[in-house]
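In what follows, a single structure is set out as structure tokens and then discussed.
The values are calculated or read from the model by the stated rules, or taken from the named source; none is laboratory data. Nothing here was measured: the structure is a model prediction, and the numbers come from that model. All Cβ positions, glycine included, derive from the backbone under ideal geometry; neighbour counts span all protein chains shown. To get the accessible areas, we keep the full protein, side chains included, count just its heavy atoms, and leave off ligands, DNA and RNA. Shrake-Rupley method; radii C 1.70, N 1.55, O 1.52, S 1.80 Å.
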Amino acid sequence: MTAGPAPAPAAPDLTVTGLTVAFSSNGYVVRPIDGLSFRVGDGELAVLLGPSGCGKTTLLSCLAGLLTPTAGSVDLGGVEVTSLRAGALNAYRSRTVGIVFQSFNLIPSLSARGNVMVPLRLAGIGRSQARARAEALLSAVNLMDRSGHRPQELSGGQQQRVAIARALAHDPPLVLADEPTAHLDYVQVEGVLRLIRSLASPGRTVVVATHDDRLAELADRVVELQPSGRATATGPVRVTLGAGEVLFEQGDPSDLVYVVESGRLEVFLQTGDGRRERIVVVPAGGYVGELGPLLKLRRSASVAALEPTVLTGYDVAEFRHRFPGTSPGGRAAGGASAAPS
């Protein structure tokens, strides 16, 4: 167990391997991140792209050392973040990572300069030195002329620039930004996008979580967190399951809608204490899994075969074409109930 200060990364290459986050929500198991792996090189801008609820903020929390994953690892420049404890973890959070929050999180009673000075003063840096550093950072983000203004006197774009300057207070090798353009109008967005792009340079890696695909055009690397299909075939996919075999699990990425050709499926929730809570049994002629790929959500339940079962998997467009009378939560072909997953 590491107890001392976190060693400084030799170079901020970021490697995420097999990362999984699972937790209990209202008594059921939820996995917003499941087996995720990717790498971002030193000086690169990486964009975590995907809709709300796909695990972007959860992933940023793991990279920042604010959340311990269930499994997998986060490595920054040879330092395994997920193994740090106590003082080493605190040092990593405060000195190695700079965070730009979605809602700015500025202190209303302090000026722009004062907000940037906060992390420096908390680290024990003297007032005059902290002030000089804060003013240099505000100048770097083209906001020195507003340094004496409080947040309520600044536009959304200006507040975001203050937040970025604050994140750079300790010159961290890793900068994380959560939806940095979410509260900005189109005029303000351009300046913030250019600024974020400029932050990524040798010695500093930048990771941005966003649903704004404009950022993808500026990125060196895009990590797509929107649930994607496991099957790449353009036509229907035939699946044969033995009794007890699992088709998909709660929290898995959604891909296809499955029509039961023969046999029976059990749709169930996995509870926090390991039990199965049955939702419905789907017989031949029924279908499962429409809402997930339709709404780009992860699977909300698990599905397993109760007996030898044959299924055909369709993408949403093909399913709707073949079965035009179906609707989310409606009735499947042959009158069997559709399952909520």
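Is the range 239-316 rounded, prolate or oblate when judged by the Cα gyration tensor, a ≥ b ≥ c being the square roots of its eigenvalues, rounded requiring a/c under 1.5 and prolate requiring a/b larger than b/c? Walk me through the numbers before you get to the answer.
Values: a/c = 1.89, a/b = 1.05, b/c = 1.80.
Oblate, since a/c reaches 1.5 and b/c is not below a/b.
Amide H contacts of residue 280: 267, each under 5 Å away and 5 or more positions distant or on a separate chain (H built 1.01 Å from N in the peptide plane; Pro and chain starts excluded).
Jot down the per residue volume, in cubic angstrom and as a whole number, of the convex hull over the alpha-carbon atoms of the range 68-171.
Values: hull volume 12.6 nm³, N = 104.
Expressed per residue, the convex hull around the Cα atoms of the range 68-171 is 121 Å³.
The amide H of residue 111, built 1.01 Å from its N in the peptide plane, has no neighbour under 5 Å, considering only residues 5 or more places off or on other chains.
Report the net charge of residues surrounding residue 68, where surrounding means a beta-carbon distance below 13 angstrom and charges are Lys +1, Arg +1, Asp -1, Glu -1.
Numbers: positive: 85, 93; negative: 80.
The answer is +1.
Computed log10 I(q)/I(0) for the chain at 0.07, 0.11, 0.16 Å⁻¹: -0.38, -0.80, -1.24, from the Debye equation with unit scatterers placed on every C-alpha and solvent omitted. Once the 1.4 Å probe is applied to the protein heavy atoms, the range 100-186 comes out at 45 Å² accessible per residue. Expressed as a whole percent, the accessible area of the chain that falls on carbon and sulfur atoms is 51 (1.4 Å probe). The phi torsions of the range 260-267, fed into the Karplus equation with coefficients 6.51, -1.76 and 1.60 and a -60° offset, translate into couplings of 7, 7, 7, x, 9, 10, 10, 9 Hz, rounded to whole numbers, with Gly and Pro shown as x.
Who wins for biggest fluctuation among 38, 323, 23 in a Gaussian network model of the chain, springs between alpha carbons below 10 Å? Between 38, 323, 23, it is 323 that shows the largest mean-square fluctuation.
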